[in-house]
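The values are calculated or read from the model by the stated rules, or taken from the named source; none is laboratory data. Small disclaimer: the values here were computed from a predicted structure and weren't measured. Counting neighbours? That spans all protein chains shown, and the Cβs are built from the backbone with ideal geometry, glycine included. Calculation scope for accessible area: heavy atoms of the full protein, side chains included, ligands and nucleic acids excluded. Shrake-Rupley method; radii C 1.70, N 1.55, O 1.52, S 1.80 Å.
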Amino acid sequence: MVLTQKRISEQILWTTINRPDARNAIDFEVMEKLESLVDEVERDEEIRVLILSGAGKKSFVSGGDLKKFHTIKSKDKAIEKAKRMQQLLTRIEELPCWTVAHINGDAYGGGIELMLAFDFRVSVPDAKFGFTQGRFYLVPGWGGLTRLVEKVGRAKALEWLGKSEVLSTNIVLAYDLIEHILPGNSPEKETLEWAENFTKNDRKFIRVLKQGAMRFSVHREQALEAEIAPFSELWVDEQHVSRVEKFMNKKG
């Protein structure tokens, strides 16, 4: 199963993307399973905390699965995929429960975009955070640019993406990209202890608080949607196609 679940308690659900051989990359099946997960969490009024991690110790999520997504050759199909992912991440962001990304290993590209849709991010000490879309002649298209600017500011977001930076936990914590660095002795237990206090109030309270925190920008929805077109244009650009093919040939 590419997505596994463990009900820690009546109020806490732990979910794991289970593709360690592919560094937990997001493919079409993972997208479908995440959509089903969101359906479930939206309905289950008992869940107050949703935690997402990657399988193993090496990777949280390495981004989109280039091998699987490289089959998308047209701009229209690229737009369709980007819209689907953006809608999924918006639904995660709007869940009426607290959401925690447990960064159990390295996060790259689309993995960064995924974790930014969560309310909180806690990380093991040795994780790396790669803003590496530019290496493949891409920009964020799943809402990650808007959310990154919100978290770290315009200049720092442009610097990290423009340079395709790979950063340590200490650096990203200093710029508030993540909320907490775990001691790392027992990461899962430490994350559960960190998240426990969020179970004190029910989903009505959580919903009202989260909705209130989204009212700061009336143009946010337009900013998110505006990422789709440039992402899709670059997706079919020859520079992107050739860089992906070079990368896959190198891996092979």
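A few comments on the model shown:
- Looking across the stretch 113-142, the residues that are in a loop (DSSP other than H, G, I, E, B) and among the hydrophobic types (A, V, I, L, M, F, W, C) come down to A117, F118, V124, A127, F131, L138, V139, W142.
- Residue among Q239, Q222 that is under 20 Å from the mean Cα position of the chain (by Cα) and open to solvent by 60 Å² or more (accessible area, probe 1.4 Å): Q222
- Tabulated pairs, the stretch 116-141, first over 30 Å from E233 (Cβ atoms), second surrounded by fewer than 23 Cβ atoms within 10 Å (Cβ to Cβ) and aromatic (F, W, Y), C-beta under 8 angstrom, 6+ apart or interchain: V122/W194
- Among (1) under 29 Å from K77 (Cβ atoms); (2) open to solvent by less than 40 Å² (accessible area, probe 1.4 Å); (3) not in a loop (DSSP other than H, G, I, E, B) - the single one L13 does not satisfy: (1)
- The single condition from (1) farther than 30 Å from E193 by Cβ; (2) surrounded by fewer than 24 Cβ atoms within 10 Å (Cβ to Cβ) that G141 fails is (2).
- Among the residues of the stretch 184-200, the ones that are closer than 14 Å to D119 by Cβ and open to solvent by less than 70 Å² (accessible area, probe 1.4 Å) come to 5 in all.
Here is a yes/no grid of residues against (1) part of a helix (DSSP H, G or I); (2) among the acidic types (D, E); (3) open to solvent by 10 Å² or more (accessible area, probe 1.4 Å); (4) under 29 Å from V241 (Cα atoms):
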{"residue": "K73", "(1), (2), (3), (4)": "no, no, yes, yes"}
{"residue": "K83", "(1), (2), (3), (4)": "yes, no, yes, yes"}
{"residue": "L95", "(1), (2), (3), (4)": "no, no, no, no"}
{"residue": "H102", "(1), (2), (3), (4)": "no, no, no, no"}
{"residue": "A107", "(1), (2), (3), (4)": "no, no, no, yes"}
{"residue": "G111", "(1), (2), (3), (4)": "yes, no, no, yes"}
{"residue": "K151", "(1), (2), (3), (4)": "yes, no, yes, no"}
{"residue": "W160", "(1), (2), (3), (4)": "yes, no, no, yes"}
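- Single residue of the stretch 172-183 satisfying the filter (out of contact with any Asp or Glu (no Cβ under 9 Å at 6 or more places or on another chain) and in a helix (DSSP H, G or I)) that is surrounded by the most Cβ atoms within 10 Å (Cβ to Cβ): V172
- Considering the conditions (1) under 25 Å from P187 (Cβ atoms); (2) open to solvent by 50 Å² or more (accessible area, probe 1.4 Å); (3) of a type outside the set (S, T, N, Q), K77 is excluded by exactly one of them, (1).
- Of all positions in the stretch 208-217, none carries a residue that is assigned to a helix (DSSP H, G or I), modelled with pLDDT under 95, open to solvent by less than 70 Å² (accessible area, probe 1.4 Å) and among the charged types (D, E, K, R).
- Single residue of the stretch 8-22 satisfying the filter (touching a strand residue (DSSP E or B) at 6+ places or on another chain (Cβ under 6 Å) and without any contact (Cβ under 8 Å) to a residue 40 or more places away in the chain) that is farthest from K68 (Cα to Cα): L13
- Within the stretch 119-133, the set of residues being over 15 Å from L182 (Cα atoms) and open to solvent by less than 10 Å² (accessible area, probe 1.4 Å) comprises F129, G130, F131.
- Residue in the stretch 61-76 that is without any contact (Cβ under 8 Å) to a residue 60 or more places away in the chain and either of a type in the set (F, W, Y) or more than 30 Å from K250 (Cα to Cα) (or both) present: yes
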